[in-house]
C-alpha cells in the first residue's frame, strides 16, 4: 500500500513538474509570438521610416520599446499600437525623440541617397521597408538594420562617412548574424 502511495505521489510530482515546464515553454512561446507581432506592428506603421529605429523585448507579456524616432507623435502612436496587441500586459516606452535640426535632416537625406542610390543597395531600396536605418542625432550617425554581407556593411559605412558627420557608428548586422542569434535564443 505504501509503495502504491509513494508511486502515486511521485507520479503527481512528475506531472506537476512537466506541467510547470510546459507552462514556461508556453510562456516563452507566447512572448516570442508577441515579439513577432510587435515587430510586424512597427513595420506596418505608415510613419515609420528609414530615419527611425525601434527595438523591442518581451518578458511575461511586458513589452519594452527602445530606440529613436524623428517625431514625438511616432513614439506615442507606436506605444498605442503595441499596447493593443493580444497578450501585451503593459508597455514600457523608452523610445527617445531625436532633436530637431536642419543639419541632421540634411545629413539623413544625403546619406540615404548615397546608400540607396548605390547599385549594390538597389535590391534593398525596392523593399517596402528598406532594412538599413540611418539615425542621426546631433551630427552623429548610427546605421542599424540587416544587410546580406560584411561587404554591404562596410560599403554602407563608407558611404555614410563622406558627408561630414561627427561620427559614424555601424551597428548593421548580417543575415547570418541574425540567424545565429535567433538559433541561440531558441
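The values are calculated or read from the model by the stated rules, or taken from the named source; none is laboratory data. The model shown is predicted, which means the values in this text are computed figures rather than measured ones. Positions of Cβ are backbone-derived with ideal geometry, glycine not excepted, and every protein chain shown enters the neighbour counts.
Worth pointing out:
- Any chance residue 163 is modelled with pLDDT of 95 or more and surrounded by 12 or more Cβ atoms within 10 Å (Cβ to Cβ): no
- Flag for residue 135 being farther than 27 Å from residue 33 by Cα and out of contact with any helix residue (DSSP H, G or I) (no Cβ under 9 Å at 6 or more places or on another chain): no
- Scope the range 46-62; condition more than 12 Å from the chain's Cα centre (by Cα) and over 20 Å from residue 136 (Cβ atoms); matching residues: 46, 59, 60, 61, 62
Table: residues versus (1) modelled with pLDDT of 95 or more; (2) part of a helix (DSSP H, G or I); (3) assigned by TED's automatic domain parsing to the domain that holds residue 39.
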{"site": "86", "(1), (2), (3)": "no, no, yes"}
{"site": "107", "(1), (2), (3)": "yes, yes, no"}
{"site": "112", "(1), (2), (3)": "yes, yes, no"}
{"site": "115", "(1), (2), (3)": "yes, yes, no"}
{"site": "127", "(1), (2), (3)": "no, no, no"}
{"site": "141", "(1), (2), (3)": "yes, no, no"}
{"site": "146", "(1), (2), (3)": "no, no, no"}
{"site": "158", "(1), (2), (3)": "yes, yes, no"}
{"site": "178", "(1), (2), (3)": "no, yes, no"}
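- Flag if residue 96 is touching a helix residue (DSSP H, G or I) at 6+ places or on another chain (Cβ under 9 Å), within 30 Å of residue 31 (Cβ to Cβ), modelled with pLDDT of 95 or more and in a strand (DSSP E or B): yes
- For beta carbons closer than 6 Å, sequence separation of 6+ or different chains, a first residue in the range 47-71 that is at positive phi and a second that is exposed (fewer than 14 other Cβ atoms within 10 Å of the Cβ) and assigned to a strand (DSSP E or B), there are no qualifying pairs.
- Some residue of the range 67-80 being more than 23 Å from residue 132 (Cβ to Cβ) and under 13 Å from the mean Cα position of the chain (by Cα): no
- Residue match in the range 39-56 (condition: assigned to a helix (DSSP H, G or I), out of contact with any helix residue (DSSP H, G or I) (no Cβ under 8 Å at 6 or more places or on another chain) and at pLDDT below 90): no
- Residue that is surrounded by the most Cβ atoms within 10 Å (Cβ to Cβ) [pool: residues in the range 166-184 that are out of contact with any strand residue (DSSP E or B) (no Cβ under 7 Å at 6 or more places or on another chain) and under 21 Å from residue 120 (Cα atoms)]: 177
- Residues that are touching a helix residue (DSSP H, G or I) at 6+ places or on another chain (Cβ under 7 Å) and part of a helix (DSSP H, G or I), drawn from the range 57-83: 78, 81, 82
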